[in-house]
Structures are given as C-alpha cells and as structure tokens.
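The values are calculated or read from the model by the stated rules, or taken from the named source; none is laboratory data. Quick caveat: nothing in here was measured; it's all calculated off a predicted structure. Here the Cβ positions follow ideal geometry from the backbone for every residue, glycine too, while neighbour counts run over all protein chains shown. Please note that ligands, DNA and RNA were not included when accessible areas were found on the heavy atoms of the full protein model with its side chains. Shrake-Rupley method; radii C 1.70, N 1.55, O 1.52, S 1.80 Å.
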Amino acid sequence: MAESIPVEHADGHADHGGHHEMSFSEKYIFPLDHKMIAMQYMFTGMFMAVIGGFFAYAFRMQLAFPGINVPGWGVVTPADYNALVTSHGSIMIFWVAMPVLIAAFGNYLIPLMIGADDMVFPRVNRLSYQIFLLSAIIILASFFVEGGAFGGAWTAYPPLSTKAEYSLTGIGSTMWILAVALEFVAFLLGGINFITTAMNSRAPGMKMWDIPMVVWMIVIASILFMLSVGPLLAGGIMMMFDQQLGTAFFDPDRGGDPILWQHLFWFFGHPEVYVVLLPAVGIVADVMTVFSRKKLFGYKTVLYTAIGTGVLSFTVWAHHQFVAGIDPRMANVFTVTTLLISVPIAEMMFVYIATLYGGSITFKTPMLWALAFIFEFLIGGITGIFLGASGNDIYMHDTYFVLAHFHYTFYPIAIIGTFAGFTHWFPKMFGKMMNDNLGKLHFWLTIIPFNLIFLPLFVLGAAGQHRRIYDYQNFPELSLPWMQDLRQLATISLCVMLGAQLIFFYNVIKSWMSGPAAGKNPWRASTLEWTAASPPPHGNWPEGLPTCYRGPYEYSHPDHEEDYWPQNEPA
Amino acid sequence: MSAGSYPPPVRLVRQEHGEPRVISNGVLGMSLFVLTEIMLFAGMVSAFTIVRASAAIWPPPDQPRLPFEETAFNTAALFLSGVFLFVAQRRFTVDRRSARMPLLAAIGLGGFFVVFQGWEWVSMIAQGLTMTSSILGSFFYLIVGTHALHAIVAIGLLVQSLRRLQGGWLQPSQLATAAVLWYFVVGAWPMIYWRVYL
C-alpha cells in the first residue's frame, strides 16, 4: 500500500552525493534509478520481440508450407496456430511496442531531457516494472498450462473468447486477460510518473515550448493511454467474470451484448495506435533535426497536430466494426472522422519533410531509420484511407489487406521507430559508439525484407484472402499457385529479416564491449541529455543540475558560430 | 504557522531547482489516476446503460428491485463525509490540530457508507439478486463493487493521513492527495446512483 501512495519526500534521492555504494540487487534487480528501470524495460521488450518474431515465423511457415514440420516448433496444429497468432499480436503490441517506446524511452529520456535527476515517484516506477514483468511471465506461462495459450485472437471478440469450446483454450484465456490487465496497471503507474515528472521537475528556464518533442509526445501518449484504458479494463473484468464466474455480460442468450465488447475494446484499441505512434514520431523529430542540422520546422504545429490527433482518435473506433451490424448512418459518421484523422497526421509528415528541406543531411544509421519511418508509415497511412471508407471496408474487412495495412503502421512505429531511437541514444546509454557499417547493413536487411513480406500480402488481401485461416488448401479459390508463391515469398522474406536481427544483436554486444568511446555529445546535439556524462551516473548531473536557456532544436543558428547551440549554454 | 511545535515541511530536492510548480506531485499524480478511474466507471456505466436500453423487458421480471430509498440516505451520508473532509482541509491550513475532528468525521461517515452498502448486498443476495441471476445483478455487483473497492482504498489513505496528523508530520499536499481520491469516490457515487438505482 505504502508503495503506491505518492508522497512528497524525495524518495531515493538522499544518496545523490555518490557516497553510498549500492549493492548488486539495489542497482540492477530492484533499482530506483530511472535509467536502470529503462534498461529493464528495454531488454524485457527486446526479449519479448524475439519471442513474438519467433511466433510469426512458426505460423508463417505453416501458411507457406502447410503441414510442414517447422524447425524449432514442430507441426503447427490448428490450436497452436490460433495461440501463435493471438500471442504474436498481443505480445508485439502490449509487450514490445509499449514497453520499449513508452516505458523504456520515457524512463530513459524524460528526466535526462528535462534536466532532472530522476522521476518524481521512483518507487512507483520500480513497482511499474515489477508488475510489467509479472504480466510478461503470465502471458508466457499460459503456453504451458492445460489447453495452451489463448486462441481467441488479440481482439478477443466474444463469444469466441468467453467460451472454451470455441477458442479451444481453457485457463489460458483467463491468463491472457489477467496479463493484459496487469500490463495496463504497469503503464498506468508509468504514465502518471511521466506526466508528473515532465510537468513538475523541468530544469529552470525550460518553458513549455522548450521541451524536446519526444518528451511532449510521450506525455501526450500517456494522457491518451490513461483516458482510453478505463473502458477496456472494465471490459476485461467483465470478460473474466464471464469466463470464470458464469456471468452473462457478453452472452446474448442471457441478456448480454457481444458487440458491447467490441465497443469497449476499440474505444481503447484505436487511441492505442496513437499511444504508440506518438513516441515514435517524437523520436523521429529528434533524430531528424540532429542529422539534418536544422531547426524542427513548426515545433508548435507538430505539437498541436499531435493533440488534434489525440482528440480525434477517441471518435473513430467504430471503423473497426463496419461489418458488425452497426447502423449504416453511424458508419457514415465514423468514416468521416476516420478520414479526418489523416489530416493532422499528414500535416505532421509535411512538417518533417520541410525539416529535411535544405538541411545538411548525414546518413548515419539513426537517420536512415528515421527516414524509413516516414516512408513506410506513409504507405500504412495511405492504405488506411482505403479501409476507413466504409463502402470499401465492407469488401476489404478481415482480409490480408487490413493485416498488411496495420503492419505498415505498427512496424514503422514499433520496430523502425525503436531502432531509430536506440541507435541514436546508444552512445548515451552505454558510452560507446555503434558500428555504423554494421548498422547500415542491418538497416537494409531489415527494410527490404519487411517490404517483401507485406507488399505481397496487400495483393493477396485485395484478391480476397481472408485472415485467420489455418490452411488455405481447404479453399481452392484461395490456394491458386500464384497465391501460394506470394505466401512463400512473404515467409522467406520474414526468415531473412529475422536472421538479419542477429547482425543487430552482434553489433550491440560488440560495440558495448569494445566500441570506441562516445564522449558526452557525439552527434553534436543541443538537447540537455547530451550535456551529461555517457553513460550518465546516478543522479545524472552529480555536479549540479543544468539550467535551460533556449529551445531544443537550435541548429545552424545565425547568431552562433557553432552549428548547434546547447540548451544549457547561457546566451 | 500557529502550532509552534509543528516541524517545518520537508522540502523536495528540486523545489529550489527547476520551474515553479503549480500543483504538487502527489495531487497531480493522483488526479491523473482519477482521470483513468473516471473513464473506468464511464465504461461500466455506459455499458450498463446500453444493455438496459436494448433489453425487451426492464427490469428483469423475476428479480428484486434495488433499494433506492435506503441508498438515497446512504448517498447523503457519503456526501456529508466529503463536506467534512473539505472542512478538514480548510482548517488544516489555519490551525493544523483542529483538522482532526472533521477528518475523523469524514472517515467515520465513509466507513458507515461502506458498511451500509455491505449490509445492502447481503439483503439483496438473500432476496435472490446475485452475480449470475440476471444481467441486472451482474452489472449491479460489478459497478457498486468496484466503487466500494475504491472507497475502501481511499478510506485507507484518509486513515493514514489521520495517523500522520496525530504524529504531527502531515504535509498539506499529502492530505490533498488523499482528498482527491476521496472527492472522486464521493463525486462518482451520485452518478452511479442515478444510472444504476433510479
């Protein structure tokens, strides 16, 4: 109980003088330091990403080569297939995108970028990671219980998800809900921390418009998360009661309503897209300004469009339900709001392109990732316009076109955005430079196969290939030779892409062990985190916290001889 | 500072350093938490409203009626508890020790509310309204139970504030943090009463 009460004592700050030697468990297992908690989130997220990728490999092999004995998994049974697909989706969104983009980057960057020594609630922060870890253990453990892991798809529509005879899973479905709910509690605690820290412990002189964009974006994303997660938590409790207590919230025979779950789920589910998008957009803003040596074109525009997107994102959820039997007049309304939301996002993209225009661009690895983010996300966004129009969606619904569309949004967000941020801040996190050539090799071997996975799936989806089908051989019109060829192309590309990640892990470990020292500010960037030592010590600036004098993106300023002007340098 | 023996408030490390803050950390953090809780209850209550509106016959014919007169009385008790807490906060800024009585009254009335609800549950179950007997029972216990859980946690925070007050180390922001949650519990109840009982 005492853990969760925000008190105004400076918990965990008493030892900032550096006199107190911390034990191993204080420093690495139960840390209060925001940087160590960020690393815990980062590496847990990466571990889960490897698992999620392995699941994708297993079910893609089944689709490309039906009935094959998949190396590393074995024969994929129908129940296995359902569990793999469900867990791939859940893990990649809730245990990879969110912990890495919001929790890891938020924990690492917010205090450093606003010139604070730590989060305002370090103990809440530690509790947040512990709950998150527990949730990750529960979702993985569900593979080993009787009946296996949840097989009701990551959207968990009832009655499929509430009745064991439909989803073919027993206790695994309740474990899935429990894990998701705990994960939400963890991010709720984290979000409270991020917003309060960014609002209350900024360096002196750092006004609202001097906050780096990535911090703003994580704050806005946290607010969106907190506003949207309540209804889904309510729905989760109701679904758990339906499964375990025999209530009938979603059972139409006994007075319930199965469509109710879809509303509760997508009221959260759609803002969730922007919850993970915004931090990635913020990371790209920071990377792009540094590597094009230009001020962000329209700082306030990006901020206002992010807020506008956030507000609109609460009004679009029923575009997931065009075929669920909602009133066609409602479908018109949601079509309009869905197409409207592309306006602020498009404006954001224009701002980024304008930032690049006339800049002195250097193509370091982080910059390549940032540019790829813009390019790939645009494909995801434009195909979203097709699906947002209800007339078209009725044909496209539940085909691979939808699947390819949301992978073209989530992949740039969760993978490309993360790589942009990770390679950009790696020198700060570990004090070493990454190998740029290996980084570029890894970049191209990830981006090209990524497109070769999902471009064929657009074609297959437009040809009518439905999702969530275990074996297309049972559907003669969907197992034509050219379709099977495209499926195999996608699967082989996936294997190449997963293999290419070994380059990344090798590069990380090699650079961490024996890379050249980075120094404080290898990219010559102007934000505050680059004025701390690399890696920053406990307390970030033991010599005294910095003071802020100007905005975050003062590159190539005419009044300053150097091409960057650090935020903490007096005029 | 009227009580001379009262120790000076603990200053946060960064209060000398950094932008001046408008709201204390605790109050801001708790307000954000309450924001999520408002959406949690909004989700449950609107789900109930939709199910109720789309039912052919409402309320379910073979189910007991919810006791709205007794609950109206209980609603008044909860509201009064919120008023006492407000008085306690006001007195705390003037004379810290005089805040004890209204805080005690707020806790007492809050405890009364929870116990009264528990008694009501027992009698409803005796009359045949259970979690699984009908969709009305499912939603009734879900929404009222979630509210009661919040009430119990908030009373725990108030009791902790009372102990700190008696020990002489209660900070205004600590009392305000607990109060934010309690005002939420008090403020959410009339909405629940209106949508669920009436």
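Solvent-accessible area assigned to carbon and sulfur over chain A amounts to 69 percent, based on a 1.4 Å probe. Computed 3J(HN,Hα) for the stretch A:550-562, one whole-Hz value per residue from the Karplus formula 6.51 cos²θ - 1.76 cosθ + 1.60 where θ = phi - 60°, is 7, x, x, 10, 8, 9, 6, 6, x, 8, 10, 5, 6, glycine and proline marked x. With all protein chains kept in place, the per residue accessible area of the stretch A:37-531 amounts to 33 square angstrom at a probe of 1.4 angstrom.
Counting only protein heavy atoms and a 1.4 Å probe, the stretch B:13-197 has 43 square angstrom of accessible area per residue. Placing unit charges on each Cβ (+1 for Lys and Arg, -1 for Asp and Glu) gives the protein assembly as shown a dipole about its Cα centre, and among B:Gly167, B:Val51, A:Gly172 the Cα reaching farthest toward its positive end belongs to B:Gly167.
Entry note, chain A: the mean residue ellipticity at 222 nm calculated from DSSP H runs of n ≥ 4, each adding -39500 (n - 2.57), is -20500 deg cm²/dmol after division by the residues and rounding to the nearest 500. The count of lysine pairs in the stretch A:37-531 with alpha-carbon distances below 19 Å, taking only pairs 8 or more places apart or on different chains, stands at 15. The stretch between A:Phe314 and A:Ala346 holds 9.7 nm of extra length on full extension. This uses 0.36 nm per residue minus the Cα-Cα distance.
Close amide H partners of A:Lys432, meaning residues 5 or more places away or on another chain with modelled amide H under 5 Å apart, are A:Ala518.
Extent of the stretch A:306-432 along its three principal axes (Cα atoms, max minus min coordinate, largest first): 57, 28, 21 Å.
At R0 = 56 Å, how high is the FRET efficiency between A:Glu543 and B:Arg97 if r is their beta carbon distance? Nearest 0.05 is fine. Calculated value: 0.80. This model, with +1 at the C-beta of Lys and Arg and -1 at the C-beta of Asp and Glu, gives the protein assembly as shown a dipole about its Cα centre of some 960 debye. Compactness check for the stretch A:404-548: Cα Rg over 2.2 N^0.38 Å is 1.47.
Computed on protein heavy atoms with a 1.4 Å probe, the accessible areas place A:Tyr299, A:Tyr28, A:Tyr81 in the order A:Tyr28, A:Tyr299, A:Tyr81, largest first.
By how many degrees, between 0 and 90 and to the nearest 10, does the Cα long axis of helix A:481-514 differ from the longest principal axis of chain A? Roughly 30 degrees between the two axes. Dividing the summed -39500 (n - 2.57) terms of all DSSP H runs of n ≥ 4 by the residue count of chain B sets its mean residue ellipticity at 222 nm at -25000 deg cm²/dmol. Each residue of the stretch B:104-113 was assigned a 3J(HN,Hα) from its phi angle through the Karplus curve 6.51 cos²θ - 1.76 cosθ + 1.60 (θ = phi - 60°); the sequence is 4, 5, 4, 5, x, 5, x, x, 4, 4 Hz, with glycine and proline shown as x. Against chain A, whose longest principal axis comes from its Cα atoms, helix A:34-64 is set at around 30 degrees. Across the stretch B:13-197 the C-alpha pair distances fall into 10 Å bins from zero in the proportions 9, 33, 30, 17, 8, 3, 0 percent.
Scanning residues 5 or more positions from A:Asp257 or on other chains, those with amide H under 5 Å from its amide H are A:Phe250, A:Asp251, with H placed 1.01 Å from N in the peptide plane. In units of the rule-of-thumb radius 2.2 N^0.38 Å, the protein assembly as shown shows an alpha carbon radius of gyration of 0.99. Contact residues in the stretch A:241-262 (at least 50 Å² less accessible area with all protein chains than alone, 1.4 Å probe): A:Phe249, A:Leu260.
Rounded to the nearest 10 degrees, the angle from helix A:328-356 to the longest Cα principal axis of chain A is 30 degrees. Between chain A and chain B, the total buried accessible area stands at approximately 3800 Å², from heavy atoms with a 1.4 Å probe. 3J(HN,Hα) couplings calculated from phi for the stretch A:84-99 with the Karplus curve 6.51 cos²θ - 1.76 cosθ + 1.60 (θ = phi - 60°) are, in sequence order, 5, 5, 4, 6, 4, x, 4, 5, 5, 7, 8, 10, 10, 4, 5, x Hz; Gly and Pro show x.
For A:Val70, the amide hydrogen comes within under 5 Å of the amide hydrogens of A:Val75, A:Val76, counting only partners 5 or more places away or on other chains and with H modelled in the peptide plane. Solvent-accessible area of A:Tyr506, all protein chains in place: 120 Å² (probe radius 1.4 Å, heavy atoms, ligands and nucleic acids excluded).
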